[in-house]
Amino acid sequence: MEILLMPNFTKPRTWELLRELCSRMAALGITAAAVRKDREAMEALGIGPVTGDRETPEEAAAGCDVILSIGGDGTVIHSACCAAQAGKPVVGVNLGRLGFLAEIEPGELEKYLLRLRDGDFAREKRFAIRSRFSQEGQSLPFALNDIVFSKAPEQNLADFEIFCNGRLIDHYHADGVIFSTSTGSTAYALSAGGPVMDPSLGAILMVPICPHSIAIRPMVFSGDRTITLRSGGTLQAVADGARRVQMAPGVTAAIGRSPLEPEFITFGENEFFEILTAKIKQRG
(Lines give C-alpha, C1' and ligand atoms only; values in the text may rest on other atoms or scores of the structure.)
Protein backbone atom coordinates (compact mmCIF):
# COMPACT_ATOMS: atom_id res chain seq x y z
CA MET A 1 0.00 0.00 0.00
CA GLU A 2 1.21 3.51 -0.85
CA ILE A 3 -0.05 6.52 1.10
CA LEU A 4 0.53 10.07 -0.14
CA LEU A 5 1.39 12.49 2.66
CA MET A 6 0.03 16.01 2.21
CA PRO A 7 1.28 18.01 5.22
CA ASN A 8 0.77 21.61 6.25
CA PHE A 9 4.30 22.66 7.22
CA THR A 10 3.06 25.84 8.94
CA LYS A 11 1.65 23.79 11.83
CA PRO A 12 4.13 23.64 14.74
CA ARG A 13 3.83 19.86 15.26
CA THR A 14 4.00 18.79 11.61
CA TRP A 15 7.70 17.84 11.48
CA GLU A 16 7.54 15.84 14.69
CA LEU A 17 4.44 14.00 13.52
CA LEU A 18 5.95 13.24 10.09
CA ARG A 19 8.99 11.69 11.73
CA GLU A 20 6.79 9.39 13.81
CA LEU A 21 4.44 8.70 10.91
CA CYS A 22 7.13 7.61 8.44
CA SER A 23 8.72 5.35 11.03
CA ARG A 24 5.41 3.68 11.88
CA MET A 25 4.44 3.29 8.22
CA ALA A 26 7.76 1.59 7.41
CA ALA A 27 7.29 -0.81 10.34
CA LEU A 28 3.84 -1.75 9.00
CA GLY A 29 5.08 -2.24 5.43
CA ILE A 30 3.31 0.86 4.10
CA THR A 31 5.09 3.06 1.55
CA ALA A 32 5.11 6.78 2.42
CA ALA A 33 5.06 9.08 -0.63
CA ALA A 34 5.15 12.85 -1.10
CA VAL A 35 5.57 15.41 -3.85
CA ARG A 36 9.21 16.08 -4.69
CA LYS A 37 9.65 19.34 -2.76
CA ASP A 38 8.04 17.86 0.39
CA ARG A 39 10.16 14.72 0.14
CA GLU A 40 13.34 16.76 -0.20
CA ALA A 41 12.39 18.93 2.78
CA MET A 42 11.69 15.85 4.90
CA GLU A 43 14.89 14.07 3.87
CA ALA A 44 16.92 17.17 4.69
CA LEU A 45 15.81 16.73 8.30
CA GLY A 46 16.36 12.98 8.31
CA ILE A 47 12.66 12.14 8.09
CA GLY A 48 11.83 8.97 6.18
CA PRO A 49 11.78 6.64 4.46
CA VAL A 50 9.68 8.53 1.90
CA THR A 51 9.47 8.27 -1.90
CA GLY A 52 8.19 10.60 -4.59
CA ASP A 53 9.38 12.40 -7.73
CA ARG A 54 6.10 13.94 -8.88
CA GLU A 55 6.00 17.73 -8.99
CA THR A 56 2.34 18.37 -8.20
CA PRO A 57 -0.10 16.90 -5.66
CA GLU A 58 -2.48 15.97 -8.48
CA GLU A 59 0.22 13.89 -10.21
CA ALA A 60 1.32 12.28 -6.95
CA ALA A 61 -2.26 11.45 -5.94
CA ALA A 62 -2.82 9.49 -9.14
CA GLY A 63 -0.12 6.98 -8.16
CA CYS A 64 -1.15 6.31 -4.55
CA ASP A 65 -3.84 4.29 -2.81
CA VAL A 66 -4.83 6.75 -0.09
CA ILE A 67 -4.14 10.42 0.64
CA LEU A 68 -3.25 11.30 4.24
CA SER A 69 -3.81 14.99 4.93
CA ILE A 70 -1.88 16.38 7.90
CA GLY A 71 -3.06 19.71 9.33
CA GLY A 72 -6.35 21.48 9.97
CA ASP A 73 -9.61 21.49 8.04
CA GLY A 74 -8.15 23.85 5.41
CA THR A 75 -5.44 21.29 4.66
CA VAL A 76 -8.03 18.52 4.40
CA ILE A 77 -10.12 20.59 1.98
CA HIS A 78 -7.10 21.19 -0.28
CA SER A 79 -6.22 17.49 -0.14
CA ALA A 80 -9.83 16.52 -0.89
CA CYS A 81 -9.77 18.48 -4.14
CA CYS A 82 -6.61 16.64 -5.29
CA ALA A 83 -8.12 13.34 -4.15
CA ALA A 84 -11.34 13.95 -6.09
CA GLN A 85 -9.41 14.75 -9.26
CA ALA A 86 -7.43 11.52 -8.91
CA GLY A 87 -10.37 9.40 -7.76
CA LYS A 88 -8.62 8.43 -4.52
CA PRO A 89 -9.94 8.52 -0.92
CA VAL A 90 -8.61 10.99 1.66
CA VAL A 91 -8.33 10.91 5.44
CA GLY A 92 -7.07 13.65 7.76
CA VAL A 93 -4.78 13.75 10.78
CA ASN A 94 -5.87 16.69 12.92
CA LEU A 95 -3.23 19.29 13.78
CA GLY A 96 -5.72 22.17 13.78
CA ARG A 97 -7.99 23.65 16.43
CA LEU A 98 -11.27 21.83 15.77
CA GLY A 99 -10.76 19.41 12.91
CA PHE A 100 -14.34 18.65 11.85
CA LEU A 101 -13.03 16.85 8.76
CA ALA A 102 -10.14 14.90 10.30
CA GLU A 103 -10.78 11.31 11.42
CA ILE A 104 -7.44 10.75 13.17
CA GLU A 105 -5.93 12.47 16.18
CA PRO A 106 -2.09 12.45 16.50
CA GLY A 107 -2.15 9.97 19.40
CA GLU A 108 -4.07 7.41 17.31
CA LEU A 109 -1.63 6.96 14.42
CA GLU A 110 -0.65 3.31 14.86
CA LYS A 111 -4.23 2.14 15.39
CA TYR A 112 -5.54 3.76 12.22
CA LEU A 113 -2.49 3.07 10.05
CA LEU A 114 -3.07 -0.60 10.77
CA ARG A 115 -6.71 -0.29 9.77
CA LEU A 116 -5.74 1.52 6.57
CA ARG A 117 -3.23 -1.20 5.68
CA ASP A 118 -5.80 -3.93 6.32
CA GLY A 119 -8.58 -2.14 4.40
CA ASP A 120 -10.66 -1.91 7.57
CA PHE A 121 -12.53 1.27 6.71
CA ALA A 122 -15.48 2.63 4.75
CA ARG A 123 -15.67 5.34 2.09
CA GLU A 124 -18.07 8.25 2.28
CA LYS A 125 -18.73 10.52 -0.69
CA ARG A 126 -19.25 14.22 -0.02
CA PHE A 127 -21.23 16.70 -2.11
CA ALA A 128 -19.22 19.64 -3.47
CA ILE A 129 -20.26 22.78 -5.37
CA ARG A 130 -18.82 25.01 -8.08
CA SER A 131 -19.48 28.42 -9.57
CA ARG A 132 -19.34 29.39 -13.22
CA PHE A 133 -19.28 33.04 -14.28
CA SER A 134 -20.57 34.91 -17.31
CA GLN A 135 -17.22 36.68 -17.65
CA GLU A 136 -14.92 34.67 -19.90
CA GLY A 137 -12.20 32.49 -18.41
CA GLN A 138 -13.43 32.66 -14.81
CA SER A 139 -14.60 29.72 -12.70
CA LEU A 140 -14.42 28.19 -9.26
CA PRO A 141 -14.65 24.48 -10.10
CA PHE A 142 -14.62 23.04 -6.57
CA ALA A 143 -15.68 23.98 -3.06
CA LEU A 144 -16.10 21.40 -0.32
CA ASN A 145 -17.21 23.95 2.31
CA ASP A 146 -18.55 27.08 0.66
CA ILE A 147 -18.38 29.83 -1.93
CA VAL A 148 -18.78 33.29 -0.43
CA PHE A 149 -19.85 36.37 -2.42
CA SER A 150 -19.02 39.60 -0.62
CA LYS A 151 -19.17 43.32 -1.32
CA ALA A 152 -16.19 45.47 -2.27
CA PRO A 153 -14.52 47.27 0.70
CA GLU A 154 -15.69 50.69 -0.49
CA GLN A 155 -19.36 49.62 -0.65
CA ASN A 156 -21.73 50.01 2.29
CA LEU A 157 -24.03 47.23 1.07
CA ALA A 158 -24.21 45.02 -1.99
CA ASP A 159 -27.42 44.38 -3.90
CA PHE A 160 -28.17 40.81 -4.92
CA GLU A 161 -30.64 39.21 -7.29
CA ILE A 162 -30.97 35.49 -6.63
CA PHE A 163 -32.57 33.04 -9.10
CA CYS A 164 -33.23 29.30 -8.78
CA ASN A 165 -33.37 27.44 -12.09
CA GLY A 166 -34.04 30.77 -13.80
CA ARG A 167 -36.85 31.93 -11.50
CA LEU A 168 -36.38 34.96 -9.26
CA ILE A 169 -36.23 34.12 -5.55
CA ASP A 170 -35.55 37.56 -4.11
CA HIS A 171 -33.76 40.87 -4.51
CA TYR A 172 -32.11 42.18 -1.38
CA HIS A 173 -29.22 44.09 0.18
CA ALA A 174 -26.56 42.52 2.42
CA ASP A 175 -22.82 42.40 3.08
CA GLY A 176 -22.66 39.13 1.19
CA VAL A 177 -24.09 35.67 0.58
CA ILE A 178 -22.69 32.27 1.54
CA PHE A 179 -23.45 29.22 -0.60
CA SER A 180 -22.52 26.22 1.49
CA THR A 181 -22.51 22.47 1.16
CA SER A 182 -23.84 20.33 3.99
CA THR A 183 -20.20 19.63 4.91
CA GLY A 184 -19.58 23.38 5.15
CA SER A 185 -22.68 24.03 7.26
CA THR A 186 -20.50 23.88 10.41
CA ALA A 187 -18.09 26.52 9.04
CA TYR A 188 -18.76 30.15 8.00
CA ALA A 189 -22.44 29.42 7.34
CA LEU A 190 -22.95 28.38 10.96
CA SER A 191 -21.33 31.59 12.22
CA ALA A 192 -23.67 33.58 9.96
CA GLY A 193 -26.78 31.97 11.42
CA GLY A 194 -27.26 28.97 9.16
CA PRO A 195 -28.42 25.51 10.29
CA VAL A 196 -26.26 22.46 10.91
CA MET A 197 -26.82 19.89 8.16
CA ASP A 198 -26.08 16.19 7.98
CA PRO A 199 -22.95 16.01 5.76
CA SER A 200 -24.39 13.08 3.80
CA LEU A 201 -27.01 15.41 2.28
CA GLY A 202 -26.48 16.59 -1.29
CA ALA A 203 -27.87 20.08 -0.79
CA ILE A 204 -26.94 23.75 -1.24
CA LEU A 205 -27.43 26.07 1.72
CA MET A 206 -27.77 29.82 1.07
CA VAL A 207 -27.05 32.09 4.04
CA PRO A 208 -27.15 35.92 3.70
CA ILE A 209 -24.43 37.84 5.57
CA CYS A 210 -25.91 40.71 7.60
CA PRO A 211 -28.97 41.25 5.36
CA HIS A 212 -30.69 44.64 5.54
CA SER A 213 -34.00 43.00 6.49
CA ILE A 214 -35.00 40.55 9.23
CA ALA A 215 -37.33 38.85 6.74
CA ILE A 216 -34.41 37.38 4.77
CA ARG A 217 -33.53 33.95 6.13
CA PRO A 218 -31.26 31.03 5.14
CA MET A 219 -32.64 28.68 2.50
CA VAL A 220 -31.80 25.09 1.53
CA PHE A 221 -31.95 23.93 -2.09
CA SER A 222 -31.71 20.53 -3.71
CA GLY A 223 -28.20 19.82 -4.96
CA ASP A 224 -29.60 19.39 -8.46
CA ARG A 225 -30.70 23.03 -8.63
CA THR A 226 -28.69 25.84 -10.19
CA ILE A 227 -28.67 29.07 -8.19
CA THR A 228 -27.80 32.22 -10.13
CA LEU A 229 -26.59 35.42 -8.49
CA ARG A 230 -26.21 38.89 -9.98
CA SER A 231 -25.26 42.26 -8.50
CA GLY A 232 -25.07 45.83 -9.72
CA GLY A 233 -21.81 46.33 -7.81
CA THR A 234 -18.37 44.75 -7.70
CA LEU A 235 -18.21 41.45 -5.82
CA GLN A 236 -15.52 39.06 -4.68
CA ALA A 237 -16.22 35.32 -4.85
CA VAL A 238 -14.07 33.07 -2.65
CA ALA A 239 -14.14 29.26 -2.67
CA ASP A 240 -13.18 27.56 0.61
CA GLY A 241 -11.39 30.70 1.79
CA ALA A 242 -8.66 30.30 -0.84
CA ARG A 243 -9.46 30.57 -4.56
CA ARG A 244 -10.83 34.00 -5.59
CA VAL A 245 -12.64 35.62 -8.52
CA GLN A 246 -13.36 39.35 -8.87
CA MET A 247 -16.82 39.93 -10.35
CA ALA A 248 -17.50 43.14 -12.29
CA PRO A 249 -20.95 44.78 -11.96
CA GLY A 250 -23.62 42.84 -13.84
CA VAL A 251 -21.65 39.59 -14.07
CA THR A 252 -23.68 36.51 -13.15
CA ALA A 253 -22.51 33.52 -11.12
CA ALA A 254 -24.18 30.11 -11.47
CA ILE A 255 -23.73 27.92 -8.39
CA GLY A 256 -24.45 24.20 -8.56
CA ARG A 257 -23.12 20.68 -8.10
CA SER A 258 -19.42 20.19 -8.84
CA PRO A 259 -18.51 17.23 -11.05
CA LEU A 260 -15.71 16.51 -8.54
CA GLU A 261 -17.00 14.32 -5.71
CA PRO A 262 -14.44 13.79 -2.93
CA GLU A 263 -14.42 10.51 -1.07
CA PHE A 264 -13.51 10.45 2.63
CA ILE A 265 -12.30 7.48 4.62
CA THR A 266 -14.29 6.82 7.77
CA PHE A 267 -13.62 4.25 10.48
CA GLY A 268 -17.20 4.23 11.75
CA GLU A 269 -16.33 4.84 15.39
CA ASN A 270 -18.05 8.22 15.83
CA GLU A 271 -21.27 9.53 14.38
CA PHE A 272 -21.27 13.06 12.93
CA PHE A 273 -23.56 14.47 15.60
CA GLU A 274 -21.40 13.01 18.37
CA ILE A 275 -18.38 14.72 16.85
CA LEU A 276 -20.40 17.91 16.36
CA THR A 277 -21.39 18.11 20.03
CA ALA A 278 -17.80 17.65 21.18
CA LYS A 279 -16.38 20.15 18.69
CA ILE A 280 -19.00 22.82 19.33
CA LYS A 281 -18.36 22.58 23.07
CA GLN A 282 -14.64 22.85 22.33
CA ARG A 283 -15.26 25.96 20.23
CA GLY A 284 -17.32 27.48 23.05
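Some observations on this one:
- Gain in span if fully extended, Thr277 to Glu108, counting 0.36 nm per residue against the direct Cα distance: 58.8 nm
- Under 11 Å from the Gln85 label point (7 Å along Cα→beta-carbon), backbone N, the stretch 41-62: 56-62
- Listed by chain and number, the aspartates and glutamates placed with their C-alpha closer than 14 angstrom to that of Lys125 are Asp198, Glu261, Glu263; residues fewer than eight positions away on the same chain are left out.
- Computed about its Cα centre, the charge dipole of the chain is approximately 460 debye, with only Lys, Arg, Asp and Glu carrying charge at their Cβ.
- With the cut-off at under 20 Å, measuring from each backbone N in the stretch 218-235 to a point 7 Å along the Cα-to-Cβ line of Arg167 picks out 218-230.
- Listed residues Arg115, Arg24, Arg225, most fluctuating in the chain (Gaussian network, C-alpha, under 10 Å): Arg115
- Our coupling estimate for the stretch 119-136, obtained by passing each phi through the Karplus curve with A = 6.51, B = -1.76, C = 1.60 and θ = phi - 60°, is x, 8, 7, 10, 10, 10, 7, 10, 6, 10, 10, 9, 9, 10, 10, 6, 7, 4 Hz, Gly and Pro reported as x.
- Correct choice for Rg and Dmax of the Cα atoms in Å that was computed from the model, options (1) 29.1, 85; (2) 19.4, 73; (3) 20.2, 60: (3)
- For the chain, the carbon plus sulfur part of the accessible surface works out to 49%, probe radius 1.4 Å.
- Near Asp170, the amide H atoms lying under 5 Å from its own belong to Ile162; only residues 5 or more places off or on other chains count, and H is placed 1.01 Å from N.
- Near Ser131, once Lys and Arg are set to +1 and Asp and Glu to -1 for all other residues with Cβ below 15 Å from its Cβ, the sum equals +4.
- Computed [θ] at 222 nm, helices only, for the chain once each DSSP H run of length n ≥ 4 contributes -39500 (n - 2.57): -7000 deg cm²/dmol
- Residues Tyr172, Tyr188, ordered by accessible area of protein heavy atoms at a 1.4 angstrom probe radius and largest first, appear as Tyr188, Tyr172.
- Rounded to 10°, Cα long-axis angle of helix 73-86 versus longest principal axis of the chain: 80
- DSSP bridge pairs, the chain: antiparallel proportion in percent, nearest 5: 75
- Max mean-square fluctuation residue, GNM over the chain, Cα-Cα springs under 10 Å, options Val220, Val93, Val76: Val220
- Taking amide hydrogens as placed 1.01 Å from N in the peptide plane, the amide H of Phe264 sits under 5 Å from those of Val90, Glu124, Lys125, Arg126, each at least 5 positions away in sequence or on another chain.
- Rolled with a 1.4 Å probe across the full set of protein chains, the surface gives Glu110 an accessible area near 100 Å².
- The stretch 1-130, relative contact order [Cα under 8 Å, separation at least 6], %: 24
- Relative contact order of the chain, pairs being alpha-carbon contacts under 8 Å that are 6 or more residues apart, as %: 18
- Taking amide H positions as modeled 1.01 Å from N, with prolines and chain starts lacking one, the residues under 5 Å from Ser182 and 5 or more places away or on another chain are Ala203.
- For the chain, a Gaussian network of Cα nodes joined below 10 Å ranks Arg97, Arg230, Arg257 by mean-square fluctuation, and the top entry is Arg97.
The values are calculated or read from the model by the stated rules, or taken from the named source; none is laboratory data. All values derive from a computational prediction rather than experimental measurement. Don't worry about glycine lacking a Cβ; one is built from the backbone with ideal geometry, like all the others, and counts go over all protein chains shown. Note: areas computed on protein heavy atoms with side chains; ligands, DNA, RNA excluded. Shrake-Rupley method; radii C 1.70, N 1.55, O 1.52, S 1.80 Å.
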